[in-house]
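Input: one structure, supplied below.
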């Protein structure tokens, strides 16, 4: 059974989410990958603020492929999250409440998620053609020159993810391995 959330999200909403929960997101999420993260953090360091409001937002690590005529977006599968670890805590401090990608996060990011009340969720890698069907609208809102890595605003409906790291410091990947450890 999927829990339903609608961004922007609050700390109170995150209190009910635990590592392992299956979530269906309906609402607005934004996209950003490596180049956009670097540019946002450079802007933050130079001007003391970001060029967009991130309070309560969810960031999806995706660089969608070019859409075909009549399609809202091309294939939109998650990219490896670890490449954004360097920037994640900066964005948590700016109010981001959720990140969506694939793969493990660093210990520093997991501690930041706990400290700033954020969650990390995984979307299924290799399922970009399926995930694009949940995206109802896509619009580039920042850094158009970055092409596929531009920041987009996506309107999603029943976008499926699994909570990997919750605000309590739990990690589904560690819990999963522990569950299947053999006694020696």
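Read-outs throughout are calculated quantities, based only on the coordinates presented, and are distinct from any laboratory measurement. None of the values given here were measured: they were computed from a predicted structure. When we count neighbours, we look across all protein chains shown, and the Cβ atoms used for this are built from the backbone with ideal geometry, even at glycine.
In the Gaussian network model of the chain, springs joining C-alpha atoms below 10 Å, which of 113, 44, 172 carries the largest mean-square fluctuation?
Ranking 113, 44, 172 by mean-square fluctuation puts 44 first.
Multiply the residue separation of residue 46 and residue 177 by 0.36 nm, subtract the distance between their alpha-carbon atoms, and state the gained length in nm to one decimal.
Value of the extension gain: 42.9 nm.
Another question, then. Assuming R0 = 30 Å, can you tell me the calculated FRET efficiency for the pair residue 153 and residue 130, based on Cβ-Cβ distance, to the nearest 0.05?
On the way: r = 21 Å, r/R0 = 0.70.
The computed FRET efficiency comes out at 0.90.
Next question. With the cut-off at 1.5 for a/c, could you classify region 24-121 from its C-alpha gyration tensor as rounded, prolate or oblate? Display every interim value, and only then the final one.
Values: a/c = 1.73, a/b = 1.42, b/c = 1.22.
Note, shape of region 24-121 comes out prolate.
Taking every DSSP beta bridge with both residues inside the chain, roughly what % is antiparallel (nearest 5)?
Working: 19 of 32 bridges.
Within the chain, antiparallel bridges account for around 60 percent of the total.
Given R₀ = 22 Å, what would the calculated FRET efficiency be for residue 93 paired with residue 15, taking r from the Cβ atoms and rounding to 0.05? Walk me through the numbers on the way to the answer.
Numbers: r = 20 Å, r/R0 = 0.89.
Given R0 = 22 Å and the Cβ-Cβ separation, E is 0.65.
At 0.36 nm per residue, minus the direct Cα-Cα distance, what do residue 86 and residue 145 gain on full extension? Give it in nm, one decimal, please.
Values: separation 59, 0.36 × 59 = 21.24 nm, distance 2.24 nm.
Taking 0.36 nm per residue and subtracting the Cα distance, the gain is 19.0 nm.
Under 10 Å, Cα contacts only: if you run a Gaussian network model on the chain, which one of 121, 40, 58 comes out with the highest mean-square fluctuation?
With Cα springs under 10 Å in the chain, the top fluctuation among 121, 40, 58 is at 40.
I've got another one for you. Counting only C-alpha contacts under 8 Å and six or more residues apart, can you give the relative contact order of region 8-74 as a whole percent? Can you show the working numbers first?
On the way: 45 pairs, mean separation 24.4, N = 67.
Relative contact order of region 8-74: 36 percent.
Can you pull the semi-axes for region 3-179, root of five times each eigenvalue of the Cα gyration tensor, sorted largest first, whole Å?
On the way: eigenvalues 105, 81, 42 Å².
Whole-Å semi-axes of the equivalent ellipsoid: 23, 20, 14.
For the chain, set up a GNM with springs between Cα atoms under 10 Å and report which of 143, 47, 120 has the largest fluctuation.
47
With a point put 7 Å past each Cα toward its Cβ, work out how far residue 106 is from residue 4 in nm, to one decimal.
Result for the modelled spin labels: 3.8 nm.
Compute the relative contact order of the chain as a whole-number percentage, counting only Cα pairs closer than 8 Å that sit 6 or more residues apart in sequence. Before the final figure, lay out the partial values.
Details: 415 pairs, mean separation 53.2, N = 184.
Reported relative contact order: 29 percent.
Here is a further query. Taking 0.36 nm per residue of separation and subtracting the Cα-Cα distance, what length does fully extending residue 162 through residue 22 add?
Details: separation 140, 0.36 × 140 = 50.40 nm, distance 0.45 nm.
So the extension gain works out to 49.9 nm.
Given the DSSP H assignment, sum -39500 (n - 2.57) over each helix run of at least 4 residues in the chain and divide by its residue total; what's the result at 222 nm in deg cm²/dmol, nearest 500? Spell out each step's value before the answer.
Numbers: 6 runs with 49 residues, N = 184.
Here the helix-only value at 222 nm equals -7000 deg cm²/dmol.
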